[in-house]
Amino acid sequence: MYAHPRVSSRRLAVLLTIALFYPAIARADDADQCIEAAEAGQRLITSGRLLEARTKLNACRSRKCPTVVHNDCETFASKVDAALSSVVIAAQDASDHDLTGAKVFIDGREPLKPGIALEVDPGTHDLRVEADGFVSSTTQI
């Protein structure tokens with residue numbers, strides 16, 4: 001004979017509570033993360049670290065974020081995009097021949113190849129160019 005498993009009323013109440021409120025808890029976590037990203041993005045803008053700010057603001061541009069936060073992040077991210085600059089470095093020898101094997105370092109970042117655009121925060125940056133057979137050159141831009 002088949003017997004139905006018994007579920008206590010207390011256990012049933014706990015399971016129903018979890019089922020009913022889990023989506024709300026998940027949404028609250030998403031909202032908290034969105035607000036945190038928006039606040040961090042604004043702090044980074046104030047400190048002039050626009051590249052980092054854009055990363056944070058992109059996180060709160062998600063549709064999972066509350067509408068007011070999403071809209072603020074869209075506005076701030078658009079302003080950041082407009083304020084960012086990019087540089088293209090050309091490495092040349094004394095005869096103005098391109099040094100195709102040169103490596104370019106901006107603010108100590110990973111080396112770049114000359115002729116490749118790189119976004120940078122506004123302000124002064126340290127630039128170093130290295131090429132085989134040449135003395136490395138360092139300057140501020």
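The values are calculated or read from the model by the stated rules, or taken from the named source; none is laboratory data. Note that this is a predicted model, so its numbers are computed, not measured. Note: ideal-geometry Cβ built from the backbone for every residue, glycine included; neighbour counts use all protein chains shown. Each accessible area value is taken on the protein alone, full model and side chains, heavy atoms only, with ligands, DNA and RNA left out. Shrake-Rupley method; radii C 1.70, N 1.55, O 1.52, S 1.80 Å.
Please find, within region 56-71, the residue that is farthest from the chain's Cα centre (by Cα) out of those that are open to solvent by 50 Å² or more (accessible area, probe 1.4 Å) and in contact (Cβ under 8 Å) with a residue 12 or more places away in the chain.
The residue in question is 64.
Would you pick out the residues in region 72-112 that are exposed (fewer than 14 other Cβ atoms within 10 Å of the Cβ) and in a strand (DSSP E or B)?
The answer is 85, 86, 88, 92, 98.
Residue by residue through region 20-55, note down the ones that are of a type in the set (Gly, Ala, Ser), modelled with pLDDT of 90 or more and surrounded by fewer than 20 Cβ atoms within 10 Å (Cβ to Cβ).
Answer for region 20-55, where residues must be of a type in the set (Gly, Ala, Ser), modelled with pLDDT of 90 or more and surrounded by fewer than 20 Cβ atoms within 10 Å (Cβ to Cβ): 40, 47, 48.
Please state which one of 75, 46 is of a type in the set (Val, Ile, Thr) and either touching a strand residue (DSSP E or B) at 6+ places or on another chain (Cβ under 7 Å) or over 26 Å from residue 140 (Cα atoms) (or both).
75
State all residues of region 113-141 that are assigned to a strand (DSSP E or B) and either over 13 Å from residue 87 (Cβ atoms) or open to solvent by 40 Å² or more (accessible area, probe 1.4 Å) (or both); if no residue qualifies, say none.
Correct list: 117, 119, 126, 128, 130, 137, 138, 139, 140.
Look at region 109-133 and say how many of its residues are under 18 Å from residue 55 (Cβ atoms) and of a type in the set (Lys, Arg).
Counting residues in region 109-133 that are under 18 Å from residue 55 (Cβ atoms) and of a type in the set (Lys, Arg) gives 1.
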